[in-house]
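The values are calculated or read from the model by the stated rules, or taken from the named source; none is laboratory data. The model shown is predicted, which means the values in this text are computed figures rather than measured ones. Note that we place each Cβ from the backbone using ideal geometry, even for glycine, and neighbour counts take in every protein chain shown. Side chains included, ligands, DNA and RNA excluded: accessible areas come from the protein's heavy atoms. Shrake-Rupley method; radii C 1.70, N 1.55, O 1.52, S 1.80 Å.
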Amino acid sequence: MKLAIIGGGPSAFYVASRLHKLLPQTLEYRIHLFDRLWSPHGLVRYGVAPDHPEVKNCTHKFDEAALDRRLRFFGNVNVGDNPSPIQHTVKLPLSSIFSNYSHVVFATGCTLPKRHSELPPSASCTSALSMVHWYTQHPNAPSPPPLDKISHVSLIGNGNVSLDVARMLLTNVDVLRKYDVPERVLDVLAESTVKHVSIVGRRGPLEAAFTMKELREMINLPDASMVPLAPELLQPSEGVPLTRQQTRVLQLLSKGSKNTFGTTEKTWSLDFYRSPAGLMVPSPENARAQLSLAHTVVDPATQRAVPTGETSTVATDLVVTSLGFHGEPTAPYFDPGLGHLRTLSNRIVTNAGTTLRNVYGSGWASTGAHGVLAATMMNAYDVAETIVNDHMNPLEGTEAVLNPDPSLEEIPEEVVHGVRERNIVEYPDWKRIDEEEMRRGQVLGKERERMAWDEARLLLRPSV
Ligand SMILES: Cc1cc2nc3c(=O)[nH]c(=O)nc-3n(C[C@H](O)[C@H](O)[C@H](O)COP(=O)(O)OP(=O)(O)OC[C@H]3O[C@@H](n4cnc5c(N)ncnc54)[C@H](O)[C@@H]3O)c2cc1C
């Protein structure tokens with residue numbers, strides 16, 4: 001078995017780790033992971049909020065999997081025939097994967113933000129993913145948001161990613177200094193004049209997408225307070241049974257934030273039953289952008305938000321949409337209806353409905369952008385089991401697209417070239433950078449100080 005995993009995020013590492021456990025010791029196999037990011041671990045490095053360092057403990061397991069001599073990681077390699085969204089990547093066409101490997105797992109995640117039809121990107125409107133890319137210094141990080149010129153931010157969507165962004169804007173920069181927040185990001189946050197973050201949701205508190213842990217963190221923010229919610233919003237309709245989570249959300253929201261509203265300089269609000277209906281950018285008449293919000297109610301039959309016909313307008317400086325993620329429409333086996341790759345029982349299925357032999361999808365690439373790391377891990381373990389079962393009992397009626405008998409030791413020639421040119425980061429290279437980032441962090445009294453590709457490359461290849 002010679003397996004290529006496209007993507008080097010958590011799902012890829014969990015599949016590899018499980019295969020190390022499940023595959024018989026007598027079987028000679030190789031697992032090669034390719035990521036277009038130069039560093040491994042996907043959203044664990046470039047997504048998880050800096051003040052959640054414990055979430056990143058899963059990387060110990062990934063390190064363990066990578067120590068196995070049969071696994072190799074190749075970072076800075078974009079697999080596919082479309083132009084890479086990251087400039088400096090080595091290009092590896094899919095045909096090279098198909099001719100060099102007997103098995104493939106697509107673990108490419110959902111890398112694009114879902115947009116709101118009424119909120120096109122503009123100087124007044126960006127996505128939460130762009131904010132996350134900025135504060136994690138992703139290779140595609142946009143220029144910093146103009147936090148020193150704004151005071152009111154509207155977050156559209158009330159899931160955990162939205163609350164991550166809210167915490168970053170409302171937490172005192174001195175609290176953030178000890179975490180994995182790059183110095184240049186801290187410099188921008190230190191100049192921030194943001195005073196209020198409004199978190200807009202089209203349905204009510206019972207339907208909110210955030211989890212208790214994240215809500216509690218907001219409630220307990222040391223330097224911010226929540227605008228109290230109108231009591232009628234916290235009154236469930238009669239006869240509607242509540243889950244334990246819903247009861248706790250209502251209790252927490254009724255108590256309000258730890259700091260009484262009005263006692264802090266920074267404030268936040270949960271603006272339920274509001275759906276964006278348009279955004280007017282600043283003009284000579286209005287110095288601030290004007291966000292139109294349609295008022296909504298939840299239809300008890302469908303649980304969907306329906307407009308009441310009433311609208312209101314909020315003067316705001318920056319609208320940040322946090323509405324989830326989808327896969328890349330140009331990716332092979334992408335299903336536009338689903339917003340991610342088309343799989344059936346973990347196996348990739350073509351447009352024509354044919355199951356491909358030994359070609360799998362894992363993690364967010366296959367399930368869509370749902371769930372936290374624990375769910376991604378369970379899915380990846382299930383994919384590993386499918387691979388092993390198919391190996392033991394090959395499935396009938398599948399279409400072969402891969403090389404059934406590749407040389408175990410060979411790597412695709414594009415990758416050989418990239419390794420020779422030191423344009424590719426392997427796992428031992430990453431561990432050197434990881435250690436150096438932590439060393440630099442220690443000097444500054446923080447978890448780590450991140451490097452960008454140019455710096456990392458220089459460290460690995462001083463003569464460049
Ligand atoms: C902002 C944010 C914060 C989160 N915070 C938490 C949290 O605190 N706790 C928690 O449990 N979960 C959190 N999650 C969820 C968690 O990150 C996901 O469950 C998990 O990352 C999904 O793993 P994955 O491997 O499927 O996708 P990803 O982590 O996205 O990995 C996919 C990888 O594939 C690579 N790739 C894509 N296309 C190509 C290509 N063509 N060629 C080569 N490489 C490619 C990408 O560069 C990426 O590295 C968060 C998610 C987001 C978006």
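Sort out which residues of segment 444-459 are farther than 18 Å from residue 50 by Cα and either within 24 Å of the chain's Cα centre (by Cα) or surrounded by fewer than 17 Cβ atoms within 10 Å (Cβ to Cβ) (or both), and write them in order of number.
Within segment 444-459, 453, 454, 455, 456, 458, 459 meet the criteria.
Residue 338 passes all but one of (1) open to solvent by 70 Å² or more (accessible area, probe 1.4 Å); (2) assigned to a helix (DSSP H, G or I); (3) in contact with a Gly (Cβ under 9 Å, 6 or more places away or on another chain); which number fails?
So the condition that residue 338 fails would be (2).
Output the residue which, of all residues in segment 341-361 that are out of contact with any helix residue (DSSP H, G or I) (no Cβ under 7 Å at 6 or more places or on another chain) and open to solvent by less than 10 Å² (accessible area, probe 1.4 Å), is farthest from residue 14 (Cα to Cα).
356
When segment 299-317 is examined, which residues are found to be at pLDDT 95 or above and either over 27 Å from the mean Cα position of the chain (by Cα) or among the β-branched types (Val, Ile, Thr) (or both)?
Selection gives 306, 307, 308, 309, 310, 311, 312, 313, 314, 315, 316.
Inspect segment 372-393 for any residue being within 29 Å of residue 43 (Cα to Cα), open to solvent by 50 Å² or more (accessible area, probe 1.4 Å), within 14 Å of the ligand (Cβ to nearest atom) and not in a helix (DSSP H, G or I) and give the result as yes or no.
yes
Return the total of residues in segment 439-464 being more than 19 Å from residue 184 (Cβ to Cβ) and in a loop (DSSP other than H, G, I, E, B).
So the answer is 4.
Of all residues in segment 341-371 being among the β-branched types (Val, Ile, Thr) and not in a loop (DSSP other than H, G, I, E, B), which is farthest from the ligand (Cβ to nearest atom)? Spell out how you get there, then give the answer.
Taking segment 341-371 first, the residues among the β-branched types (Val, Ile, Thr) are 343, 348-350, 354-355, 359, 367.
Right, trim to not in a loop (DSSP other than H, G, I, E, B) and you get 343, 348-349, 355, 359, 367.
Values: 343: 12, 348: 14, 349: 18, 355: 21, 359: 15, 367: 8 Å.
Per the criteria, the residue is 355.
Kindly provide the set of residues from segment 212-232 that are of a type in the set (A, V, I, L, M, F, W, C) and within 31 Å of the chain's Cα centre (by Cα), ordered by number.
Answer for segment 212-232, where residues must be of a type in the set (A, V, I, L, M, F, W, C) and within 31 Å of the chain's Cα centre (by Cα): 212, 215, 218, 219, 221, 224, 226, 227, 229.
Working only within segment 133-163, note down all residues that are under 19 Å from the mean Cα position of the chain (by Cα) and part of a helix (DSSP H, G or I).
133, 134, 135, 136, 160, 161, 162, 163
Conditions first: (1) under 18 Å from the mean Cα position of the chain (by Cα); (2) part of a loop (DSSP other than H, G, I, E, B). Residue 320 passes all but one, so which condition is the exception?
(2)
Go through the residues of segment 10-22 one by one and say whether even a single one is more than 14 Å from the ligand (Cβ to nearest atom) and over 18 Å from residue 358 (Cα atoms).
Checked against the condition, which is being more than 14 Å from the ligand (Cβ to nearest atom) and over 18 Å from residue 358 (Cα atoms), segment 10-22 yields at least one hit.
Only residues in segment 324-348 that are within 23 Å of residue 395 (Cα to Cα) count as the first member; pair them with residues that are among the small types (Gly, Ala, Ser) and in a loop (DSSP other than H, G, I, E, B), Cβ under 8 angstrom, at least 6 apart or cross-chain, and list the lot.
Every condition considered, the pairs that remain are 332/80; 334/327; 341/327; 341/331; 346/362.
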